[in-house]
Amino acid sequence: MIIAPSLLAADFTRLGQEAGRAERAGADWLHLDIMDGQFVPNISFGPDVVKAVRPHAKQLFFDVHLMCGKPEILLEPFAQAGADQIIIHVELHQQVTPLIWKIKSLGKKVGLAINPPTSIAEVQPYLDQIDLLLVMTVNPGFGGQSFIHECLPKIQQAAAWRRDRQVGYRLAVDGGINDETAAECARAGADTFVAGTALFRPRNMGAAVRRMRQAAHDHDPSLADLKV
Ligand code: DX5
Ligand code: ZN
């Protein structure tokens, strides 16, 4: 189970300390939401901010989620800024394959995200080329939205494909994730949990990370046989 706090919900006046707080809290990854005001109706931060934050959380895996209409111009800057993985959206259609190649050529892991209204069938051609599939469980653009339950069957389908085809991608969820919805997603097959509000807002982030990890673990279907 990977727990990935999203910096979008951090205190923007002190992003370095906030990243350090996530590291000390026992998080596995730091999720960085990049919004360009075009692909989504909001703007967040860019490569220079990620670069400035990187030394404050040296141990964390930097998971950069590009909600951008022209990711091709951002791949190198984010790779140089310290990204470990770069996630692009399947809604970019014919651009997806060259973007995957480019991310790999930069020596970074590749993630593919899918928005709530998009059919899960769209990701099928890429499943053997990616390290992570990110099922959006809100419409991207803003933190603090409510989890869309209609996305759960997509997680189940992606988990079934992974099992049947023996491909190795991580299955992540992003948007409206708290202990309760993390448990629901874990039961559906998710293993990677991105959460902004639920992890950055509590004063004790360490306890919040532990609770979410436990909630996900308790509902991991692969462990069901071992339970009495
Ligand atoms: C949504 C972003 C999410 C966001 C999640 O556009 O992709 O990563 O930070 O925030 P919460 O957990 O508050 O829904
Ligand atoms: Zn995100």
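Read-outs throughout are calculated quantities, based only on the coordinates presented, and are distinct from any laboratory measurement. Values in this document were obtained by computation on a predicted structure and should not be read as measured data. Please note: Cβ atoms are built from the backbone with ideal geometry, for glycine as well, and neighbour counts cover all protein chains shown.
May I ask you to work out the translational diffusion coefficient for the range 135-228 at 25 °C, viscosity 0.890 mPa s, via Stokes-Einstein with Rh from the Kirkwood sum over Cα pairs, reported in whole µm²/s? Display every interim value, and only then the final one.
Numbers: Rh = 13.7 Å.
Translational D for this selection: 180 µm²/s.
I'd like the Karplus ³J(HN,Hα) series for the range 208-215: coefficients 6.51, -1.76, 1.60, θ = phi - 60°, whole numbers in Hz, and an x wherever there's a Gly or Pro.
Values, residue by residue: 5, 5, 4, 5, 5, 4, 5, 4 Hz.
If you take the beta carbon distance between Gln59 and Asp11 as r and set R0 to 30 Å, what does 1/(1 + (r/R0)^6) give as a FRET efficiency, to the nearest 0.05?
Details: r = 21 Å, r/R0 = 0.69.
Rounded to the nearest 0.05, the efficiency is 0.90.
For Glu180 and Asn204, calculate 0.36 nm times their separation in residues minus their Cα-Cα distance, and state this gained length in nm to one decimal.
Going from the current span to full extension adds 6.8 nm.
If each residue's Cβ is checked for other Cβ atoms within 10 Å, how do Phe61, Phe39 rank with the fewest at the top? Before the final figure, lay out each step's value.
On the way: Phe61 16, Phe39 20.
Sorted ascending by nearby Cβ count, the order is Phe61, Phe39.
Which order do Trp161, Trp29 fall in if you start with the one that has the fewest other Cβ atoms within 10 Å? Numbers along the way, then the final one.
Numbers: Trp161 19, Trp29 22.
Exposure proxy ranking, most exposed first: Trp161, Trp29.
For the range 3-84, go through all pairs of different Cα atoms, get the mean of 1/r, take its inverse, and jot down that Kirkwood value in Å. Write down the numbers at each step before the final one.
On the way: mean 1/r = 0.0790 Å⁻¹.
Evaluated on the range 3-84, it is 12.7 Å.
Along the range 50-62, what does the Karplus equation 6.51 cos²θ - 1.76 cosθ + 1.60 (θ = phi - 60°) give for ³J(HN,Hα), rounded to whole Hz, x for Gly and Pro?
So the Karplus estimates, Gly and Pro as x, are 4, 4, 5, 7, 3, x, 7, 8, 5, 7, 6, 7, 8 Hz.
Calculate, axis by axis, the spread of Cα positions in the range 72-152 along the three principal axes, and write the results as whole Å, longest axis first.
Its Cα atoms span 36, 29, 19 Å along the three principal axes.
Residue-wise, which Karplus ³J(HN,Hα) couplings in Hz belong to the range 131-148, taking 6.51 cos²θ - 1.76 cosθ + 1.60, θ = phi - 60°, and x for glycine or proline?
Karplus-based 3J(HN,Hα) across the range 131-148 equals 8, 8, 10, 10, 8, 6, 10, 9, 6, x, x, 9, x, x, 8, 7, 4, 9 Hz.
Compute the Rg to Rh ratio over the chain from the alpha carbon atoms, using the Kirkwood formula for Rh, and round to two decimal places. Each step should come with its number before you reach the end.
Working: Rg = 16.3 Å, Rh = 17.4 Å.
Value, to two decimals: 0.94.
Student exercise: in the chain, how many lysine pairs 8 or more apart or on different chains have Cα atoms under 29 Å apart?
So the count of such lysine pairs works out to 20.
Report the FRET efficiency, 1/(1 + (r/R0)^6), for Met1 and Ala52, where r is their Cβ-Cβ distance and R0 is 35 Å, rounded to 0.05. Present the calculation step by step, with values, prior to reporting the outcome.
On the way: r = 29 Å, r/R0 = 0.83.
The computed FRET efficiency comes out at 0.75.
As a test, work out the antiparallel percent of DSSP beta bridges whose residues both lie in the chain, rounded to the nearest 5.
Details: 1 of 33 bridges.
Of those bridges, close to 5 percent are antiparallel.
Quick one: which residues, 5 or more positions from Asp28 or on another chain, have an amide H under 5 Å from its amide H? H modelled 1.01 Å from N in the peptide plane, none for Pro or chain starts.
Placed amide hydrogens put Ile3 under 5 Å from Asp28.
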